[in-house]
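Okay, structure first, notes after.
The numbers here are math on the coordinates, done by the rules we state, and not lab data. What you see is a predicted model, and the numbers here were worked out from it, not measured in a lab. Here Cβ is always computed from backbone atoms with ideal geometry, including for glycine, and neighbour counts include all displayed protein chains.
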Amino acid sequence: MSGSRVTALTTSGEVRGERLRGGVERYLGIPYAADPVGELRFRPPVRPAPWTGVRDARAASPAPPQGPDFLLENVVGADRVATDEAGCLTVNVWTPGGSTVARPVMVWVHGGAYVQGYGHQVWTDGARLAERYGVVVVSLNYRLGALGWLYVAELLGDAYAASANLGLQDQIAALAWVRDNIGRFGGDPRRVTVFGESAGGGSVAALLGAPAARPLLHRAILQSPPPREVHSLDTAREAARAYAGVLKEQTGSDDVRAATAGQLLAAQEELMARSTLGSLPFRPVVDGSVLPLHPLQALRNGCCAHIPVIAGTTEHEGRLFVGLAGPVVEDEVAAALAADFPDAGHRERADAVYRAQEGDSATARMAGIVTDRLFREPTDAFLDAAAEGGGRVWSYLFRERTPVLGGQLGSPHTLEIPYVFDVLDAPGLDAWVGDAPDQRLADAMSGAWAQFAHEGAPAHHLLPSWPRFTAAERATLLLGGALPGDPVGRVAFDPFGERRALWGETAVQEDAY
């Protein structure tokens, strides 16, 4: 019966969840680590203290400190989430229950540029995946921004040498919680698929490169990842010093331990507004311990040959970020081309390609450049690295378009998420996917992702056979963008190959890290 109480025993104590319609059991806000406050601020996660009695797990925990989420709050209409350092390191679990057979586990890592997001967002509810496909779904929170990704050893000394990549260490601690506890929720700790989008996809790449994480995951899906967005030690130190300088300007002190969460957030937002350190000043760092190598180098070395992976992007990633505040002018496009293609001849070819493929609109061409710079080229690099390292790899391109804003967004960043979770009918999502989204596509994507979790290879009866990716053929499943009655997917080989070749001549190399 909907709303009836259920309980489960974890290594820290018993929790009370709720049985939903369809028989799915939901548990929210279960601690996987102690509150990162007081002496534990800027420290690696530690196990939570055990509790007595039954802990209520029917309401979500606070999210980690962060600013407002424009898309969820202003487009989808979701309420602003409560945030707090205390109580934020939690997992949420959706399980079909009622079976003695251990089920595959799908662990979701949210995106948000490493500064936003949380595990209980409206479009990442795991109930339908659990009900339809017999998987146990887990989502998690991890520390964000300065609290999770600042290289504090630069500011606080050797006593904090183990405090790099705290957000990543939180994710690893959550995966350890899954290993130790998910069997009590009907899950199989030997079949764990980690999947994430944007910074969540970048986190999955970092987890693949982290020795402590690799034994805890068995398959990986990266949606619109930025796997190149990894600091070297030098840039991490530079970012830490710049952040401390901003904090001191604003508060009179650069002591990150004494600052309030609000002060840390204010300094974080100012640094991001003025940063020349790259698109994401807070991100994973090759620290030599948690992350010994750049993830792409680790993949090329074969560290994950035993872990099958899926990776892909949407067709128009950059349209979520470009043009919404006003049209782009030609000088801005010229500056972007000059930055990305310093050689004049190379730049001229790039300009011609983007004009041919995106049209004469400066805004559309800038969005195409941003798409390739931030997402498509890095994803191509990830696919190549994983294949070179001997892994089983599948590639996709999500092409479904949203009709909102007159269709100008095309297939933007984040649009695939509600299709993967099969939540097209969730409250408010019509403002993002339109009032008549293709349910067949949601069926196909959610089913293929779940089949990957079950068997280690993606498939669905609505999709054609999905060939594995190789660097030579670059087989890619095109998802969505079909006319009514047409198949929801088809296979292409090296889509956008001309643009890929352009970026292959200029891409930043991570090997020196």
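Can you give me the relative contact order of the chain as a percent, contacts being Cα pairs under 8 Å and 6 or more apart?
With pairs under 8 Å counted, the relative contact order is 13 percent.
If packing is taken as the average count of other Cβ atoms within 10 Å, what order do 358-367, 93-102 fall into, highest mean first?
Averaged packing, sorted descending, gives the order 358-367, 93-102.
Calculate how many DSSP beta bridges within the chain are antiparallel, expressed in % of all such bridges and rounded to the nearest 5.
Counting DSSP beta bridges with both partners in the chain, the antiparallel share is about 40 percent.
On full extension of the chain, what length is gained from Ala49 through Ala161, given 0.36 nm per residue of separation minus the C-alpha to C-alpha distance?
Result for the pair: 37.9 nm of gain on full extension.
Sorted by packing (mean other beta-carbon atoms within 10 Å per residue), highest first, where do 132-140, 476-484, 427-435 land?
Result, highest mean first: 132-140, 476-484, 427-435.
Quickly rank 416-426, 461-471 as a protection proxy: mean count of other C-beta atoms within 10 Å, highest first.
416-426, 461-471
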